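The values are calculated or read from the model by the stated rules, or taken from the named source; none is laboratory data. Every value quoted in this text rests on a predicted model; they were computed, and no experiment measured them. Glycine also receives a Cβ, built like all others from the backbone with ideal geometry; neighbour counts cover every protein chain displayed.
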Amino acid sequence: MTIILYAIATLGVLGLFYGLGLAFASRKFHVEVDPKIELINEILPGANCGACGHPGCFAYAEAIAGKGEEINKCAPGGEKAVKQIAAIMGIKAASMEKKVAVIHCQSGGYNNTYFRYHYQGIPTCKAAVLVSEGPNLCSWGCLFQNDCIDACKFDAIHLDKNGMRIIDPQKCTACGACVKACPRHLIELVPYAKKVHILCTSHDKGAEARKRCGNNTACIGCGLCVKKCPVEAISMVEDLAVIDYQKCVSCGLCATVCPTLAIIDPLAGKRKKAVILEDKCIGCTVCAKKCPVQAISGEAKKIHKIDLDKCVGCEICYQVCPKAAIEMR
Amino acid sequence: MEFMSKIFSLAIAAILVKNFVLMRFLGLCPYIGVSKKLDSALGMGMAVIFVMTMASTFTWLIQSYLLIPLQIEFLQTIAFILTIASLVQLVEMIIQKTAPALYKALGVYLPLITTNCAVLGVALLNINEKLNFIEAILNGFFAGLGFTLVLILMAGIREKLDKAEMPKAMKGLPIAMIIAGCMALAFQGFAGLKF
């Protein structure tokens, strides 16, 4: 019995002694840390996703406070975090375009993929892609082993009823983890405001691409969208149409001509047309100059007109009008 | 004179013949982890020498004047770990205050000394080999010295390896493992030394 008491007492005294010693030492050797680091670290989301290029949120906070790192690199924190950090650092917030991840492939489910062989290896895309160019017939498309879903820390990628991967734009923070995880490079970060996407990455030629796509929605490289685009935002890259999101106005004209439905346009049928409010228009011609489809006509200092047949509903004129004289109806 | 020869044989044993890393396979985590750069290897080595010497001193005192009189030697492990953890914490604070650059270079490995088996190992071996107080302190110091020697050798080799041409698959850790094996074989040669 005494042994137990001795044991408890010894360890208790030792612990107390060391604890007090350390408490005293922490006072004596106290190091002043920049309080801004703590404050910034609290604002950052704490996901340690690495999208900013630093090994973790705390390292990024240190870099901002200590080395003058840019404050707009946190993708998950977004606009809100940038503003709060700017307030702490006393600098002007650099604007940050909100982005979202898009999977450029509409196949990839168990029900809508053609297979070369039945894959029974390590269940990751990175392993599957090594076995004679992957189990699916299309050498460019989704391998359906869910590397992107595993990489997503924000639960933003789910499977639909066909087993196809769907990104939830509400949850996606554009951290880029899935972009890195996909061995076929199917995922791209695109501006959130752009809604029209070409969901195919196949560089195969015409009929070949269509034959291999389980969803039958491959880009066949016909070039119709390139010709239709009013702002020359689409170009052909080795038999694949690619959208330049810097130029794209999300008008959706390309989706209307695509013969294989490789281009999706969630806004189709919902677009409003621009209408000029005659009492407010001062005839400055700004809208006419900016219109990508030349749907606006009118001389300077006279009320302009919009040709509703030509208008594609891109909202550019609505945004540039200095007098708020254009409405979308 | 007898004392001096005893010390000398202790030093040879702890540094070369029974080197903690290569012969006893203790403290392998920092051996691979902190041996990428010579500076941080040196810093880590110094920290380990300090902690080992201090740990040997305090654990010997605790064993002799607390655990043995009270007949609670079975508390050896937990009491020693407690002591070592506190010591490491203290060293960490001191380094953070006096040498921030070193503190950054050591990074996560400094807290890792807390649970480093080499440090606990030297404390337990001192007791097992029935060394007296002075010998225990010196043994701790020499063990740290041996650890530092191996760490610095490894860091020197790995710095050179960075610039060497080799197959891509061998770069980094794989070649480090092979080098570690070669070094252990070389140190095996000291096993023949006898006094």
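Yes/no per residue for (1) under 24 Å from A:Ala75 (Cα atoms); (2) touching a His at 6+ places or on another chain (Cβ under 7 Å):
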| residue | (1), (2) |
| --- | --- |
| A:Val129 | no, no |
| A:Ile166 | yes, yes |
| A:Gln170 | yes, no |
| A:Thr173 | yes, no |
| A:Pro191 | yes, no |
| A:Cys200 | no, yes |
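Since B:Ile62 meets every condition but one in (1) more than 15 Å from the chain's Cα centre (by Cα); (2) surrounded by fewer than 18 Cβ atoms within 10 Å (Cβ to Cβ); (3) β-branched (Val, Ile, Thr), which condition does it not meet?
(2)
Going by the conditions given, is A:Ile243 under 26 Å from A:Cys105 (Cα atoms) and either touching a residue at least 60 places away in the same chain (Cβ under 8 Å) or in the same structural domain as A:Gly141 (by TED's automatic domain parsing) (or both)?
It is false that A:Ile243 is under 26 Å from A:Cys105 (Cα atoms) and either touching a residue at least 60 places away in the same chain (Cβ under 8 Å) or in the same structural domain as A:Gly141 (by TED's automatic domain parsing) (or both).
Do any residues in segment A:114-134 that are closer than 20 Å to A:Glu208 by Cβ have Cβ atoms under 8 Å from those of residues that are among the small types (Gly, Ala, Ser), where the two are at least six apart or on different chains, and which pairs are they?
Listed pairs, sorted by first residue: A:Tyr114/A:Gly214; A:Arg116/A:Ser132; A:Arg116/A:Gly134; A:Tyr117/A:Ser132; A:Glu133/A:Ser139; A:Gly134/A:Ala128.
Would you mind finding the one in B:Ile94, B:Ile78 that is modelled with pLDDT of 85 or more and within 14 Å of another protein chain (Cβ to nearest Cβ)?
The unique qualifying residue is B:Ile78.
Yes or no, residue by residue, for (1) in contact with a Gly (Cβ under 9 Å, 6 or more places away or on another chain); (2) under 18 Å from A:Gly109 (Cβ atoms); (3) not assigned by TED's automatic domain parsing to the domain that holds A:Leu44:
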site	(1), (2), (3)
A:Lys153	no, no, yes
A:Asn162	yes, yes, yes
A:Cys178	no, yes, yes
A:Ala181	no, no, yes
A:Lys194	no, no, yes
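Among the candidates B:Ala143, B:Ala136, which residue alone is within 18 Å of the chain's Cα centre (by Cα), more than 14 Å from chain A (Cβ to nearest Cβ), surrounded by 20 or more Cβ atoms within 10 Å (Cβ to Cβ) and more than 23 Å from B:Tyr31 (Cα to Cα)?
B:Ala136
Could you tell me whether B:Ile134 is assigned to a helix (DSSP H, G or I), out of contact with any Ser or Thr (no Cβ under 8 Å at 6 or more places or on another chain), more than 30 Å from B:Gln76 (Cα to Cα) and not basic (Lys, Arg)?
no
Looking at B:Ile49, B:Ile68, can you tell me which residue is crowded, with 19+ Cβ neighbours inside 10 Å and more than 11 Å from chain A (Cβ to nearest Cβ)?
Every option except B:Ile49 fails the conditions.
Is it true that some residue in segment A:133-147 is at pLDDT below 85 and within 13 Å of the chain's Cα centre (by Cα)?
No, segment A:133-147 has no match at all.
Yes/no per residue for (1) surrounded by fewer than 19 Cβ atoms within 10 Å (Cβ to Cβ); (2) part of a helix (DSSP H, G or I); (3) not basic (Lys, Arg):
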{"site": "B:Lys104", "(1), (2), (3)": "yes, yes, no"}
{"site": "B:Pro111", "(1), (2), (3)": "yes, yes, yes"}
{"site": "B:Leu120", "(1), (2), (3)": "no, yes, yes"}
{"site": "B:Leu124", "(1), (2), (3)": "yes, yes, yes"}
{"site": "B:Phe147", "(1), (2), (3)": "no, yes, yes"}
{"site": "B:Ile152", "(1), (2), (3)": "yes, yes, yes"}
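Out of segment A:294-325, which residues are surrounded by fewer than 17 Cβ atoms within 10 Å (Cβ to Cβ), of a type in the set (A, V, I, L, M) and out of contact with any helix residue (DSSP H, G or I) (no Cβ under 7 Å at 6 or more places or on another chain)?
Across segment A:294-325, the qualifying residues are A:Ala300, A:Ile303, A:Leu308, A:Ala324.
Can you work out which of the residues in segment A:12-33 that are among the aromatic types (Phe, Trp, Tyr) and at the interface with chain B (Cβ under 9 Å from one of its Cβ atoms) is surrounded by the most Cβ atoms within 10 Å (Cβ to Cβ)?
A:Tyr18
For the structure I just gave you, tell me whether B:Phe80 is over 18 Å from B:Ile134 (Cβ atoms) and under 22 Å from the mean Cα position of the chain (by Cα).
Here the answer is yes, as B:Phe80 does meet what is asked.
Return only the number of the condition from (1) surrounded by fewer than 22 Cβ atoms within 10 Å (Cβ to Cβ); (2) under 27 Å from A:Gly50 (Cβ atoms); (3) touching a strand residue (DSSP E or B) at 6+ places or on another chain (Cβ under 8 Å) that A:Tyr114 does not satisfy.
Condition not satisfied by A:Tyr114: (2).
If you scan segment A:124-142, which residues turn out to be crowded, with 24+ Cβ neighbours inside 10 Å and touching a strand residue (DSSP E or B) at 6+ places or on another chain (Cβ under 7 Å)?
A:Asn136, A:Cys142
Give just the number: which of (1) of a type outside the set (D, E, K, R); (2) over 30 Å from B:Gly192 (Cβ atoms); (3) more than 10 Å from every other protein chain (Cβ to nearest Cβ); (4) part of a helix (DSSP H, G or I) does B:Thr115 not satisfy?
Answer for B:Thr115: the failing condition is (4).
Determine, yes or no, whether B:Met54 is within 15 Å of the chain's Cα centre (by Cα), more than 14 Å from B:Met154 (Cβ to Cβ) and modelled with pLDDT under 90.
For B:Met54, the condition - within 15 Å of the chain's Cα centre (by Cα), more than 14 Å from B:Met154 (Cβ to Cβ) and modelled with pLDDT under 90 - is met.
Between B:Glu159, B:Glu165, which is acidic (Asp, Glu), surrounded by fewer than 19 Cβ atoms within 10 Å (Cβ to Cβ) and outside any helix (DSSP H, G or I)?
Exactly one of B:Glu159, B:Glu165 is acidic (Asp, Glu), surrounded by fewer than 19 Cβ atoms within 10 Å (Cβ to Cβ) and outside any helix (DSSP H, G or I), namely B:Glu165.
If I filter segment A:97-112 for residues that are of a type outside the set (Lys, Arg), within 14 Å of chain B (Cβ to nearest Cβ) and touching a residue at least 12 places away in the same chain (Cβ under 8 Å), do I get at least one hit?
no
More than 10 Å from chain A (Cβ to nearest Cβ) and under 19 Å from A:Leu22 (Cβ atoms), is that true of B:Met44?
No.
Can you say whether B:Met93 is farther than 29 Å from A:Ser26 by Cβ and either over 20 Å from the mean Cα position of the chain (by Cα) or assigned to a helix (DSSP H, G or I) (or both), as far as the supplied structure shows?
Judged against the criteria, B:Met93 is not a match.
Check whether at least one residue in segment A:34-43 is surrounded by 15 or more Cβ atoms within 10 Å (Cβ to Cβ), more than 8 Å from chain B (Cβ to nearest Cβ), in contact with a helix residue (DSSP H, G or I) (Cβ under 7 Å, 6 or more places away or on another chain) and free of Cβ contacts under 8 Å to residues at least 40 places away in the same chain, and report yes or no.
The answer is yes; a qualifying residue exists.
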